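Coordinate-derived values only; no laboratory data. Bear in mind that the values here come from a model prediction, so they are computed numbers and not experimental data. Note: ideal-geometry Cβ built from the backbone for every residue, glycine included; neighbour counts use all protein chains shown.
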Amino acid sequence: MKLKETPLKDCYIIEPTIYEDDRGYFFEKFNEKKFEELTGLNGHFVQDNISRSGYGVLRGLHLQKGENAQAKLVSCLEGKVFDVAVDLRKDSPTFGKWFGIELTDENKLQLYVPRGFGHGFSVLSEKATFAYKCDNFYSKESEGSVLWNDTDLKIDWQLPEEDVQLSEKDKLSPTFKDGNF
């Protein structure tokens, strides 16, 4: 397992060591001890979530606030997504900055998204199955969001705007300036 830094403080790309032969491949998707050694962060995750979406679906930008904040370790199990993390920690040197990366079933990369970040992804393939490991339990009362096409953040979701499919809730998310985080 290799750790790569992103331009955002505390946000990391995790590249697994993959063993391939004519039968297929094997890799260790997560190892708490190695994760903690590489990052210096708590690698204890308590909830796993899976979503399946079609081309053009955009999920985000979401976060959990306060004592229910969640760090996430995310990956794409099938297909291809453009994954985005936004630093919403007001005291962070990278506050208001975003980072995006293509996660695919082929590259097997994972992105560690710390607590206090907004997170979302857009589906670039016909279908995508997406996995989230969370270090805290979900709480509806602690939900927060930021509008996906916020004019201050200027996120390039790698999709034509006319192809974007949103939930009703995501269409109504507040802007970055409204600070719902």
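Data for the structure
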quantity: Positive dipole terminus of the chain, leading residue within 93, 13, 51 (C-beta point charges); calculated: 93
quantity: Ranking of 34, 169 by count of other Cβ atoms within 10 Å, fewest first; calculated: 169, 34
quantity: Among 45, 117, 27, residue whose mean-square fluctuation peaks in a GNM of the chain (springs only between Cα atoms under 10 Å); calculated: 27
quantity: Choice from 89, 59, 23 with maximal GNM fluctuation in the chain (Cα, 10 Å cutoff); calculated: 23
quantity: All lysines inside 20 Å of residue 133 as judged from Cα atoms, apart from same-chain residues fewer than 8 positions distant; calculated: 2, 4, 9, 29, 33, 34, 65, 72, 80, 108
quantity: The chain, dipole about Cα centre (Lys/Arg Cβ +1, Asp/Glu Cβ -1), debye to the nearest 20; calculated: 420 debye
quantity: Euclidean distance between Cα centres, the range 77-99 to the range 118-161, Å; calculated: 9 Å
quantity: Most mobile listed residue (90, 80, 133) in the chain, GNM with C-alpha springs under 10 Å; calculated: 90
quantity: Zero-based 5 Å bins, Cα pair distances in the range 2-171, whole percents; calculated: 1, 8, 17, 22, 22, 16, 8, 3, 1, 0
quantity: For the range 110-181, size of Cβ-based charge dipole, Lys and Arg +1, Asp and Glu -1, in debye; calculated: 300 debye
